Amino acid sequence: MSGRRDARSGGHIVVGNARENNLKNVSLRIPKGKLTVFTGVSGSGKSSVVFGTIAVESQRQLNESFPTFIRNRLPRYERPDAEVVENLSTAIVVDQKPVGGNSRSTVGTMTDINPVLRVLFSRHGKPTAGPSTKFSFNDPQGMCPECEGLGRTTALDLDALIDDAASLNEGAIRFPTFAKGTFQWQLYAESGLFDPDKPVGKFSKADREKLLHGSGFKVDRAGRNGVYKNEYEGVVTRFTRRYLKKGLDSLNEREREAVEQVVTAGPCPVCRGGRLNRDALRSKISGHSIADLARLEVDELIGVLEGLDVPAAKPIVRAALAALKRVSGIGLGYLTLDRETPTLSGGEGQRLKTVRHLGSSLTDLTFIFDEPSVGLHPRDVHRLNELLLALRDKGNTVLVVEHDRDVVEIADHVVDMGPGAGTAGGEVVFEGTVAGLKRAATATGRRMRSVPGLKPGFREATGALPVAKADLHNLKNISVDFPTGVLTTVTGVAGSGKSTLVSKVLPRQHPDAVVVDQSALGLSPRSAPATYLEVMDPIRALFAAASGEDAGLFSFNSTGGCPQCKGRGVIQTDLAYLDPVTTTCETCEGSRYRPEALAHELRGKTIADVLAMTTDDAAEFFADEAAVAGKLALLSEVGLGYLTLGQPLSTLSGGERQRLKLATRLRDTGTVYVLDEPTTGLHMDDVDRLLGLLDRMVDAGNTVIVIEHDMDVVRHSDWIVDLGPEAGRHGGEVVFEGTPEDLLRAKGSHTARCLAEDLD
Ligand code: ADP
Ligand code: ADP
Ligand code: ZN
Ligand code: ZN
């Protein structure tokens, strides 16, 4: 069978002497129409081959094929650093970048199931409401006029925002940007309008009204250079204008989290969350409105549609069922069509994107996946595998970067990168079949051959961290005592409620818990490990001392920066409507510095040379400067020693970001850490290193709680909390609590079964 496909798709993708990032003249022949898995420790160069070379060149060649007129309006991709990249087909990258969108983009809109349901209702709904635009909450004709199709309204919770028992000086306005000392606080506390030491609850009626809603006059505010006149605006008015009017979607994550503490978001009183106007909601099929259907979990919706007795609607229903079954088939049957896409996890988003492509009949494409097993319980990995194989069998080439043993197992072809990370990697250490990989003397080969057993003993808890009556999302009013002073892993199938319990409810009940997540670092484009770890200042001081120049000369943010690119090393060109285009600055050749700065050396290295060092190498270079070396060593401890000091943080993957955040908290003691899938992006060898790190944190007196699917982590934990038994409405309960050893004997737990299977 592969012979036919091979003939049609033409043999191999050929890569010759690729040198992108750390690649050392990598040459490869990747069979087309086959499933190839790329393995190797993190930082070894997998992404540099797959994304940095193959996907980029495919996109570039595709753009070149357009007429100049269109081409000039497309993002320009720089030719990757490789002598040969040939025989490509159009590449589609399916990654874990958040699906994004806003509250108007839902599982139903993203999977194109909503349009099918709209056709169903416009033709068969009784009473008829009209054409389908009438059933779209994104269309003025269909949307509920009260909430404009959002399904909910947000209202300020005054009791949460204002602490009546406290005075302004004691922080009565409970919002970070109104905290004592801020400009907005001065507006009220130092205006002379109110007694700043009087509890707000004791204000006269008139004063309270002025504080909350006052307007139309100016107040004095003391500033650094004298007194300013400012237009007065009451707390509620100001807060509403700044944070609520524009919609929560327009806020950054930190603002949104803060705002969520002081607002109550409720279903829209008019449409009751249905998002549509009265006409659309009145139109029903077998008693269900279109909004009723969107509220059902996909698996239930399949049941309802299969039971519909409207013969004339059969063809439309069949189309909807086909799409819904693809969603269910990949283990997302617990989602509802009205679920907003920004609330999906990276793994859920990636699987939904895949489902969309499965429905298309295009062939001869190259699909590229970045660790598609993320977020998936081992019980469900086979479903992912079936999906990948289905894409291949439609005549596509499938390239997958993956660490999960069960996914590697189904590869037609394996490319193992290594041997190490960064400069110690960048080579192909094995290429061939899975059987061959298992015999290979590489880190991946070794890990494919042997599975570690349970650890011999488990730590005793020093106390308990209670989470009581958790009922958010699907949680069924559960209470869990998390043991302190040990490593706990929370397990359960995707959608069972792990993140809801551990990343949402636990930090609400224990605000001092530190959630180390994979979200963006929210920093400027100039941020790099050196700035994040705060080692730039001492390094600049060393250069200044060695050269006799001002330290500013060694700052790319200051006088030392290349004037052309303003110290960015790259030039960004904004194109209306399109992604901005980034090219290396020709003046400084990407070094970020002006020539005067590069004329000076510290022990034979320029400041640009230092920024190009991996943090491991830099730790050695600065071994005598304890403060610098100490901070750099933290990155090694979290397995990021291969990052260069100057690598833009925007190029880091979610897992790398999470480990970088962890690095800066490593010296804490007595802290509760919460980590959602910290093994993301980690090779089985890297996982060992991560476990060593978590052990050291626990031994230093901390409590570590992780959400994980990786059985190596489960086996290594002191305590397991297993949620389930299934996902969504059928989950949200505690299935098991105890040691991994006891888990093996637990009944009704999918995790227990997978753990047992792994161990025999
Ligand atoms: P993997 O996918 O195996 O984890 P990568 O291909 O992402 O490895 O990284 C290989 C090496 O290239 C690492 O040392 C990494 O720090 C470096 N690297 C990756 N992306 C960039 C970039 N945009 N700029 C500079 N260095 C990079
Ligand atoms: P897990 O972490 O085990 O994969 P989650 O806690 O993410 O599970 O999800 C548990 C349930 O809560 C699922 O049914 C999921 O669809 C639902 N859910 C999660 N986040 C949200 C949200 N922001 N809005 C609505 N439902 C959500
Ligand atoms: Zn409404
Ligand atoms: Zn420049």
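The values are calculated or read from the model by the stated rules, or taken from the named source; none is laboratory data. Values in this document were obtained by computation on a predicted structure and should not be read as measured data. Here the Cβ positions follow ideal geometry from the backbone for every residue, glycine too, while neighbour counts run over all protein chains shown.
Could you tell me whether any residue of the range 211-231 is surrounded by 11 or more Cβ atoms within 10 Å (Cβ to Cβ), free of Cβ contacts under 8 Å to residues at least 12 places away in the same chain and of a type in the set (Lys, Arg)? No, that holds for no residue. You will find that of Val99, Val56, the residue that is away from ligand 3 (no atom under 16 Å from the Cβ), modelled with pLDDT of 90 or more and either in a helix (DSSP H, G or I) or touching a Ser or Thr at 6+ places or on another chain (Cβ under 8 Å) (or both) is Val56 and no other. Of all residues in the range 431-478, those that are outside any loop (DSSP other than H, G, I, E, B) and among the β-branched types (Val, Ile, Thr) total 4.
For the range 577-628, the helices (runs of 4 or more DSSP H) that sit wholly inside it and include 2 or more residues that are within 16 Å of ligand 4 (Cβ to nearest atom) and in contact with a strand residue (DSSP E or B) (Cβ under 9 Å, 6 or more places away or on another chain) are 607-611. For the range 134-156, a residue qualifies if it is within 14 Å of ligand 3 (Cβ to nearest atom), aliphatic (A, V, I, L, M) and not in a loop (DSSP other than H, G, I, E, B), and the qualifying residues are Met143, Ala155. Residue count for the range 112-133, restricted to those that are free of Cβ contacts under 8 Å to residues at least 60 places away in the same chain and in a helix (DSSP H, G or I): 4.
For the range 360-370, does any single residue satisfy the condition of being in contact with a His (Cβ under 6 Å, 6 or more places away or on another chain), at pLDDT 90 or above and within 30 Å of Val714 (Cβ to Cβ)? Taking every residue of the range 360-370 in turn, none turns out to be in contact with a His (Cβ under 6 Å, 6 or more places away or on another chain), at pLDDT 90 or above and within 30 Å of Val714 (Cβ to Cβ). Once the range 59-85 is narrowed to residues that are touching a helix residue (DSSP H, G or I) at 6+ places or on another chain (Cβ under 8 Å) and either in a helix (DSSP H, G or I) or within 16 Å of ligand 3 (Cβ to nearest atom) (or both), the residue that is nearest to Leu399 (Cα to Cα) is Asn63.
Restricting attention to the range 299-328, the residues being under 23 Å from the mean Cα position of the chain (by Cα) and either modelled with pLDDT of 95 or more or surrounded by fewer than 22 Cβ atoms within 10 Å (Cβ to Cβ) (or both) number 1.
Looking at the range 215-288, the helices (runs of 4 or more DSSP H) lying wholly inside it that each contain 2 or more residues that are more than 30 Å from Phe121 (Cα to Cα) and more than 16 Å from ligand 1 (Cβ to nearest atom) sit at 235-239, 253-262. Of the residues making up the range 605-628, those that are farther than 23 Å from Asn557 by Cα and without any contact (Cβ under 8 Å) to a residue 12 or more places away in the chain number 4.
Filtered by the rule that a residue be in a loop (DSSP other than H, G, I, E, B), under 18 Å from the mean Cα position of the chain (by Cα) and of a type outside the set (Ser, Thr, Tyr), the range 483-535 gives Ala494, Gly495, Gly497, Asp517, Gln518, Ala520, Leu521, Gly522, Leu523. Taking every residue in the range 418-435 that is farther than 18 Å from Arg446 by Cα and pairing it with any residue that is surrounded by fewer than 17 Cβ atoms within 10 Å (Cβ to Cβ) and modelled with pLDDT of 95 or more, at least 6 positions away or on another chain, the pairs with Cβ-Cβ distances below 6 Å are Gly426/Lys24. Put simply, of Lys504, Lys498 the only residue that is surrounded by fewer than 19 Cβ atoms within 10 Å (Cβ to Cβ), away from ligand 4 (no atom under 16 Å from the Cβ), touching a residue at least 12 places away in the same chain (Cβ under 8 Å) and of a type outside the set (Ser, Thr, Tyr) is Lys504.
Evaluating Gly303 against the criteria (1) touching a residue at least 12 places away in the same chain (Cβ under 8 Å); (2) away from ligand 2 (no atom under 16 Å from the Cβ) leaves one unmet condition, (1). Out of Gly453, Gly420, Gly432, Gly457, one residue alone is farther than 24 Å from Met711 by Cβ and surrounded by fewer than 17 Cβ atoms within 10 Å (Cβ to Cβ). It is Gly432.
Here Leu376, Leu324 are screened, and the one residue that is in contact (Cβ under 8 Å) with a residue 12 or more places away in the chain, assigned to a loop (DSSP other than H, G, I, E, B) and not charged (D, E, K, R) is Leu376. When restricted to residues that are farther than 12 Å from Glu427 by Cβ and either out of contact with any helix residue (DSSP H, G or I) (no Cβ under 8 Å at 6 or more places or on another chain) or modelled with pLDDT of 95 or more (or both), the range 21-45 contains 11.
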